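One structure below.
What follows is calculated from the coordinates using simple rules that are stated; it is not laboratory data. As the structure is a computational prediction, the values presented were derived from the model and not from experiment. Methodologically, a virtual Cβ is constructed for each residue, glycine included, from the backbone with ideal geometry; neighbour enumeration extends over all protein chains shown.
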2 protein chains.
Amino acid sequence: MTEALVPMFTPQPIGFVRSPFKDAAAVPKGLGAKHEEEGVLNIFPEFDLGLADIEGYSHLIVLWAFDRSEGFDLMVTPPSDSRPHGVFSTRSPRRPNPIGLTVVELLRRENSSLHVRGVDMLDGTPILDIKPYLSSIPSEILRRGWLAEAESRKG
Amino acid sequence: MTEALVPMFTPQPIGFVRSPFKDAAAVPKGLGAKHEEEGVLNIFPEFDLGLADIEGYSHLIVLWAFDRSEGFDLMVTPPSDSRPHGVFSTRSPRRPNPIGLTVVELLRRENSSLHVRGVDMLDGTPILDIKPYLSSIPSEILRRGWLAEAESRKG
């Protein structure tokens with residue numbers, strides 16, 4: 001199968017993020033970075049019905065577009081390490097498909113605005129999708145690869 | 001800001017899923033569905049370098065395209081309930097941006113093939129992105145909305 005034969009969708013925003021971060025330098029990054037800033041997911045009113053029952057979830061998965069990133073690198077040196085790693089082993093914005101993922105805590109809903117904690121997106125970021133966070137991998141079985149190694153080197 | 005002003009990317013597959021599921025009816029769904037089937041993420045060799053260091057992770061987040069789904073519904077009645085819910089409160093394939101998300105356990109890597117457990121994608125599904133699964137929301141603080149309610153009604 002070749003890429004040309006794959007029917008793909010055309011991404012469209014379902015809304016925009018309101019966040020305190022106006023540029024990438026302002027977003028906490030690297031080891032020990034905390035994402036506790038509050039922000040708002042402003043969903044377009046035409047998608048309002050799709051938010052029905054979302055208040056029941058404590059956490060949401062937000063998929064969004066790295067709209068201020070162009071191109072990609074296969075190897076990247078992330079803020080959390082001095083060594084390069086494969087892009088798919090990192091959260092780098094410069095990815096073949098520039099889709100970002102953030103897990104946020106839902107604080108409250110006001111019509112089609114979701115007030116959330118834990119944003120790491122830039123202000124004005126286009127939102128692609130919202131999904132419920134349904135279950136977790138128990139921390140005792142999770143292995144965190146080079147990131148755990150980088151932490152222990154710096155520790 | 002209007003949608004027309006948002007620069008968006010053009011999705012391209014980075015590879016394809018090999019899975020035992022040939023059609024949607026074969027995928028375990030609904031309450032108590034287990035996703036323990038093994039499959040392979042066959043990444044195109046041109047992206048091979050981007051997989052560097054991925055073996056260090058026990059779990060990966062796979063983003064993929066619902067390539068056999070057309071259009072979307074704002075309200076859906078999922079297999080796990082008899083009541084309709086907003087699409088963003090569900091994992092329905094019929095979403096404004098038809099992007100699927102699956103957390104898989106990485107069993108082993110063979111060149112640009114990742115052998116994984118926990119696939120729920122159809123065979124031949126285009127893969128959009130792979131990200132490390134870095135941390136979990138502790139289960140004691142996770143609220144699972146209508147899904148928990150549906151479980152208790154059926155329990």
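Just a few scattered comments:
- At 7 Å out from Cα toward Cβ: B:Glu70 inter-copy label distances (nm, ascending): 3.6
- Dipole magnitude (debye, nearest 20) for the protein assembly as shown, charges at Cβ of Lys, Arg, Asp, Glu: 440
- Relative contact order for the range B:28-155: 35 percent, from Cα pairs under 8 Å spaced at least 6 residues apart, divided by residue count.
- Distant-in-sequence amide H partners of A:Leu128 (H built 1.01 Å from N, under 5 Å): A:Ile14, A:Leu63, A:Trp64, A:Ala65
- Considering only A:Pro78, A:Ser135, A:His115, and ranking their Cα positions along the charge dipole of the range A:69-155 that arises from unit charges at the beta-carbon of Lys, Arg, Asp and Glu, the one farthest toward the positive end is A:Ser135.
- Applying a DSSP loop filter and a limit of 12 other Cβ atoms within 10 Å to the trypsin sites (Lys or Arg not before Pro) in the range B:10-114 leaves B:Lys22, B:Lys34.
- Among A:Leu107, A:Leu134, A:Leu63: highest mean-square fluctuation, GNM of chain A, C-alpha pairs under 10 Å: A:Leu134
- Residues in the range B:35-46 carry Karplus couplings, in order, of 10, 10, 6, 8, x, 10, 9, 8, 8, 4, x, 5 Hz; the curve used is 6.51 cos²θ - 1.76 cosθ + 1.60 with θ = phi - 60°, and Gly or Pro positions show x.
- Based on C-alpha pairs under 8 angstrom that are at least 6 apart in sequence, the range B:1-89 has a relative contact order of 25 percent.
- Alpha carbon centroid spacing (whole Å) that separates the range B:21-48 from the range B:51-106: 11
- Straight Cα distances below 12 angstrom link B:Lys22 to the aspartates and glutamates B:Asp120, B:Asp123, with same-chain residues fewer than 8 positions distant left out.
- Calculated on C-alpha atoms, the gyration radius of the range A:96-149 divided by its Kirkwood radius gives an Rg/Rh of 1.03.
- Set of lysines near A:Lys154 by C-alpha distance (under 22 Å), chain-local residues within fewer than 8 positions excluded: A:Lys29, A:Lys34
- Cα-based helix-to-principal-axis angle, A:145-154 vs chain A, degrees rounded to 10: 60
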